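**Q** I have a structure I would like to understand better, so I am pasting it below and will then ask my questions one at a time.
The values are calculated or read from the model by the stated rules, or taken from the named source; none is laboratory data. Here the structure is a predicted model, which means the values were calculated and not measured. Neighbour counts run over all protein chains shown; Cβ positions are idealised from the backbone, glycine included. For accessibility, only protein heavy atoms count, side chains too; no ligands or nucleic acids. Shrake-Rupley method; radii C 1.70, N 1.55, O 1.52, S 1.80 Å.
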Amino acid sequence: MAAPRPGPAPMPAFVAQHPALVAAVMLTGSNLFMTFAWYGHLKHLGDRPWWTAALISWGIALAEYLLQVPANRIGFTVLSLAQLKILQEVITLAVFVPFAVLYMGQPVKLDFLWAGLCLLGAVYFIFRG
């Protein structure tokens, strides 16, 4: 007779008490890594072959996945799949705009505001009930 499959590992007390907050913080960290993986090579590796940038980006993306996978598992204990996705999109814009402006030297655009307002609408509809 097969032994019963173990359930998910118990969460530390703080994580169990605030899973959405913990997921949001971890998703923010993962998004920082992913933004650097996707776009950092444009600033620093433009003179290297594309495959060099891809390998370095994959290494950075590994750190992203080490945060993103547990963040989604923790978040999914209290949020729906759609709520997790919209949360990720809000975090993506919140990370990308400062990255683009401060790190990559891109100009601030009014389009960032419009995109943020669209995401606020998405947050409203996904989290309203």
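**Q** At 1.4 Å probe size, what's the solvent-accessible area of residue 55? Round to the nearest 10 Å².
**A** 100
**Q** In whole percent, how big is the carbon plus sulfur part of the accessible area of the range 44-129, probe 1.4 Å, protein atoms only? Please report the intermediate quantities before stating the final value.
**A** On the way: 4230 of 5900 Å².
Ligands and nucleic acids excluded, carbon and sulfur reach 72 percent.
**Q** Further question: Summing Lys, Arg as +1 and Asp, Glu as -1, what charge do residues with Cβ under 15 Å from the Cβ of residue 87 carry, residue 87 excluded? Kindly include the intermediate steps, with their values, before the conclusion.
**A** Values: positive: 73, 85, 128; negative: 89.
Net charge around residue 87: +2.
**Q** Something else now. Residue-wise, which Karplus ³J(HN,Hα) couplings in Hz belong to the range 58-73, taking 6.51 cos²θ - 1.76 cosθ + 1.60, θ = phi - 60°, and x for glycine or proline?
**A** 4, x, 5, 5, 4, 4, 4, 5, 5, 9, 5, 4, x, 4, 5, 5
**Q** To the nearest 10 degrees, how steeply does helix 19-35 sit against the main Cα axis of the chain, on a 0 to 90 scale?
**A** The helix 19-35 is inclined about 30 degrees to the chain.
**Q** Could you tell me how many degrees, from 0 to 90 and to the nearest 10, lie between the Cα long axis of helix 81-98 and the main elongation axis, the longest principal axis, of the Cα atoms of the chain?
**A** Once rounded, the angle reads 30 degrees.
**Q** For the chain, what does the helix formula give at 222 nm: sum of -39500 (n - 2.57) over DSSP H segments with n ≥ 4, over the residue count, nearest 500 deg cm²/dmol? Walk me through the numbers before you get to the answer.
**A** Details: 6 runs with 88 residues, N = 129.
Rounded to the nearest 500, the figure is -22000 deg cm²/dmol.
**Q** I'd like the orientation of helix 110-127 relative to the chain: the angle between its Cα long axis and the longest Cα principal axis, in ° from 0 to 90, rounded to 10.
**A** 10
**Q** Next up: At 1.4 Å probe radius, can you tell me the per residue accessible area of the chain in Å²? Kindly include the intermediate steps, with their values, before the conclusion.
**A** On the way: 8990 Å² over 129 residues.
Ligands and nucleic acids excluded, the result is 70 Å² per residue.
**Q** Give the label of the value calculated from the structure for semi-axes √(5λ) of the Cα gyration tensor in Å, choosing from (i) 31, 23, 11; (ii) 25, 21, 13; (iii) 26, 15, 12.
**A** Of the labelled values, this structure produces (i).
**Q** Between the DSSP loop rule and a limit of at most 14 other Cβ atoms within 10 Å, which trypsin sites (Lys or Arg not before Pro) in the range 51-129 are left?
**A** On the way: sites: 73, 85, 109, 128; in loops: 109, 128.
Answer by residue number: 109, 128.
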